[in-house]
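This report refers to the structure that appears directly beneath it.
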Amino acid sequence: MSDVFSRLLSRRDATGPKPAREHTWRNLSPLLRLLILTQLAFNIGFFAVLPFLAEHLGTAIGMAGWLVGFVLGLRTFSQQGLFVIGGWLVDRYGVRPVVLVGCVLRIAGFAWLGFAEQTWAVIGSVLLIGFAAALFSPAVESEVARQAVVWEADGHGSRTRVLALFSAAGQAGAFVGPLLGALLLAVDFRTACLAGAAVFVLVLAGHAWLMPRHIPGRARVQAGGGMRELLRNRRFLALCCAYGSYLLAYNQLYLALPDEVERATGSQAALSWLFALSSLLVVFAQLPVTRWAGDRLDLRRSMAAGLLLVAAGFTVVAVARPAGWTGLAGLLPAAGYVVLLTLGQMLIVPAARAWVPDLAAEGRIGLYTGALSSVSGVIVLIGSSATGSLLDAGLPAAVPWALLAALPVLAVILLPRRASTDTQTQAA
């Protein structure tokens, strides 16, 4: 990608006037449009099934609570933990075959889950579902990031706009998927699973037909050497740690926030509304926020601003907790946390994904994209256990939230001290 970065540097050094703002979607290549629509479809199919899995396992299958948690943990591990393997396979064999195999495995996993009635079958199907994502997600994400760099080099604006559109498509799928799943559950869980499998059949057909066998500029690399170089890349590992701190903060939507909502209202019924608020904010505000940030901030400053917004969200709850508000007033700090966390997410996620191509070794963008998720996932796994203990430690009400607010602030310090010169190109 050295020729792409040379074009970026030449653009940055040019003294002519900035080009007029362009409509992002209209200027995307057919490949980028396919990949972004793929992310939308992925999340529709996934979230039509997985939000309802725990209840299905506990009621229809009759699993004990600890076993339900174990199965859900296995799914997360088989997905996030193996992203780095999926990324390595992408660099070795190319985007198309890895995406196609991942779709086939996801179809098989959802179909198997729909008919699984014994513990071993449920575990096998869930592992298959998770590993499928560990294949196709790094393939799609790394190619979107690489194509976004090319899009920026061609003078269309900041690469973060493409990655913001990718994130918004994913959130739209995460919003529509549970609605579809809830309708299908009126029939039964098996119907929801088969519908999820059908979505991936469509994705498989679309990629088999439209995905190029060879993508210009993407060369396959030899199998060895990449991991050693990655582990010596301090700047990339610093980015992983900072991004992992954000993901740990985001994970509090599922750990700390439910406790706060139940404390304020006596139930967790309002959680679905707060989750919907977060998804809709990303769908409708992601592109304007990214456009604003791209015109003013480099990638490091964008991530730093996002992390500080996340810290502010925790601070809102920490300040309000001693008052002990309940009812609608008690929900306001939680809503403030969700809004600030989501605004921070809009700045952090596109910037982190946009930074990876600049830190990755030549030809290893798949490996580095996968490693970003895997290393961050390990941080979340360790940090979530510590956070759970913190919430159960009987500390004064504001203390856990204040300590959680400190984590994103520390993450700002972890960020690489300055962005690569290539990343400081501002949006048109």
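The values are calculated or read from the model by the stated rules, or taken from the named source; none is laboratory data. Here the structure is a predicted model, which is why all the values come from computation and not from measurement. A quick note on method: Cβ atoms are made from the backbone with ideal geometry, for glycine too, and the neighbour counts reach across all protein chains shown. Please note that ligands, DNA and RNA were not included when accessible areas were found on the heavy atoms of the full protein model with its side chains. Shrake-Rupley method; radii C 1.70, N 1.55, O 1.52, S 1.80 Å.
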Some residue of region 398-415 being at pLDDT below 85, out of contact with any Pro (no Cβ under 9 Å at 6 or more places or on another chain) and surrounded by fewer than 16 Cβ atoms within 10 Å (Cβ to Cβ) = no
Given the conditions (1) in contact with a Phe, Trp or Tyr (Cβ under 8 Å, 6 or more places away or on another chain); (2) surrounded by 24 or more Cβ atoms within 10 Å (Cβ to Cβ), report the number of the one that V126 does not fulfil.
-> (1)
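Quick one: would you say L309 is free of Cβ contacts under 8 Å to residues at least 60 places away in the same chain, touching a helix residue (DSSP H, G or I) at 6+ places or on another chain (Cβ under 7 Å) and closer than 30 Å to P396 by Cα?
Yes; evaluated as a whole, the condition is true for this residue.
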Residue check: is L390 outside any helix (DSSP H, G or I) and without any contact (Cβ under 8 Å) to a residue 60 or more places away in the chain?
-> no
Failed item, numbered, when A305 is tested on (1) open to solvent by 20 Å² or more (accessible area, probe 1.4 Å); (2) at pLDDT 95 or above; (3) under 18 Å from L257 (Cβ atoms); (4) of a type outside the set (K, R) = (3)
Test G62 against the criterion of being in a loop (DSSP other than H, G, I, E, B) and either more than 30 Å from T160 (Cα to Cα) or in contact with a strand residue (DSSP E or B) (Cβ under 6 Å, 6 or more places away or on another chain) (or both), and give yes or no.
-> yes
Being crowded, with 21+ Cβ neighbours inside 10 Å and in contact (Cβ under 8 Å) with a residue 60 or more places away in the chain is the filter; apply it to region 57-81 and report the residue that is farthest from L135 (Cα to Cα).
-> L57
